[in-house]
Amino acid sequence: MALIECRFYSDVLGLSTSMTVILPQQTTTQIGMNNVTKGTLHPTLYLLHGLSDDDSIWLRRTSIERYVAQMGIAVVMPQVHRGFYTDMAEGGRYWTFISEELPALARSFFPLSPKREDTFVAGLSMGGYGAVKLGLRKPEAFAAAASLSGALDMAHHFLNPEDPTKKSLEYERIFGKQSIEDTPDDLLYLLKEVDRSKGPKPLLYQCCGTEDFLYEDNQAFRRACAKTSLSLTYEEGPGDHEWGYWDTKIRDVLAWLPLGK
């Protein structure tokens with residue numbers, strides 16, 4: 001595998017930012033690794049970080065490079081700071097960046113497949129929200145979206161913040177002062193919109209530990225998805241909001257990806 005730390009300028013954000021990229025590399029003499037490539041343009045997983053992290057975190061906390069070595073897929077891990085993959089009310093246009101500019105730039109820099117059937121997204125916590133939002137708002141671009149311990153009911157969190165002295169102010173900077181319920185920033189609303197549409201529908205994967213503080217959010221999303229025709233693979237079990245759980249579950253996500261379908 002090739003590991004690339006890419007620093008570049010974003011016109012959308014108006015600043016220099018970064019992404020960490022893993023690219024397949026066919027090797028024959030590397031000890032302890034069996035690397036595979038599947039062609040000249042690689043299937044791609046966009047892998048999103050959580051609220052307190054950056055584009056390096058999946059490499060630092062998991063063995064993601066080793067896990068994908070035999071799959072022949074590229075992994076693109078972008079930096080979005082605390083932007084919640086949203087065009088912020090007071091801040092950067094992180095939704096436009098992640099949904100439009102980043103894929104175009106990544107494909108111009110690296111040999112990544114532009115095909116929907118080769119394009120997937122996953123993320124943890126804040127990144128789980130971003131991954132499912134990408135899958136539901138851009139179903140023509142992403143074949144599958146996976147959330148690990150995702151913040152999947154943000155309308156609820158906006159209306160009932162756990163810490164009114166801190167989170168409400170941050171959430172207002174992200175989403176504005178009005179409720180996001182029944183807007184394109186509300187994943188439960190997007191489920192209904194995609195279900196009613198005649199366009200493509202992404203495969204969805206969702207997991208959450210039963211001790212996670214976002215467990216009830218995940219139950220709300222699961223119940224809402226059950227009322228639609230969308231395909232959801234759901235897994236739960238003992239686990240908290242921590243990297244031991246995510247390091248295990250990202251392997252399940254990789255096994256679930258519809259590669260070659």
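Here are a few things to note about the model shown:
- For SER99, the stated conditions do not hold, so it cannot be described as over 26 Å from ASP217 (Cα atoms) and either of a type outside the set (Val, Ile, Thr) or at pLDDT 95 or above (or both).
- Annotation: VAL194 fulfils all but one of (1) part of a helix (DSSP H, G or I); (2) β-branched (Val, Ile, Thr); (3) in contact with a strand residue (DSSP E or B) (Cβ under 6 Å, 6 or more places away or on another chain); the unmet one is (3).
- Residue pairs meeting the criteria (Cβ under 8 Å; at least 6 apart or on separate chains; first buried (at least 24 other Cβ atoms within 10 Å of the Cβ), in segment 71-97; second at pLDDT below 95 and not in a loop (DSSP other than H, G, I, E, B)): PHE84/MET154; PHE84/ILE174; PHE84/PHE175; THR86/ILE174; THR86/PHE175
- Selected residue (criterion: modelled with the lowest pLDDT) from residues of segment 135-169 that are small (Gly, Ala, Ser) and surrounded by fewer than 24 Cβ atoms within 10 Å (Cβ to Cβ): SER168
- Qualifying residue in segment 128-137 (condition: without any contact (Cβ under 8 Å) to a residue 12 or more places away in the chain and either assigned to a strand (DSSP E or B) or in contact with a helix residue (DSSP H, G or I) (Cβ under 7 Å, 6 or more places away or on another chain) (or both)): no
- Summed over segment 100-110, the residues that are polar (S, T, N, Q) and either in a loop (DSSP other than H, G, I, E, B) or in contact (Cβ under 8 Å) with a residue 40 or more places away in the chain (or both) give a count of 0.
- Enumeration of residues in segment 198-221 that are in a loop (DSSP other than H, G, I, E, B) and closer than 22 Å to PRO258 by Cα: LYS198, GLY199, PRO200, LYS201, PRO202
- Meets criteria (under 20 Å from the mean Cα position of the chain (by Cα), at pLDDT below 95, assigned to a helix (DSSP H, G or I) and surrounded by 15 or more Cβ atoms within 10 Å (Cβ to Cβ)) for ALA224: no
- The set of residues in segment 188-238 being farther than 14 Å from LEU136 by Cα, acidic (Asp, Glu) and touching a Lys or Arg at 6+ places or on another chain (Cβ under 8 Å) consists of GLU235 alone.
The values are calculated or read from the model by the stated rules, or taken from the named source; none is laboratory data. This structure is a prediction, so every number in the text was calculated from the model and none was measured. For neighbour counting, all protein chains shown are included, and Cβ atoms are generated from backbone atoms with ideal geometry for every residue, glycine included.
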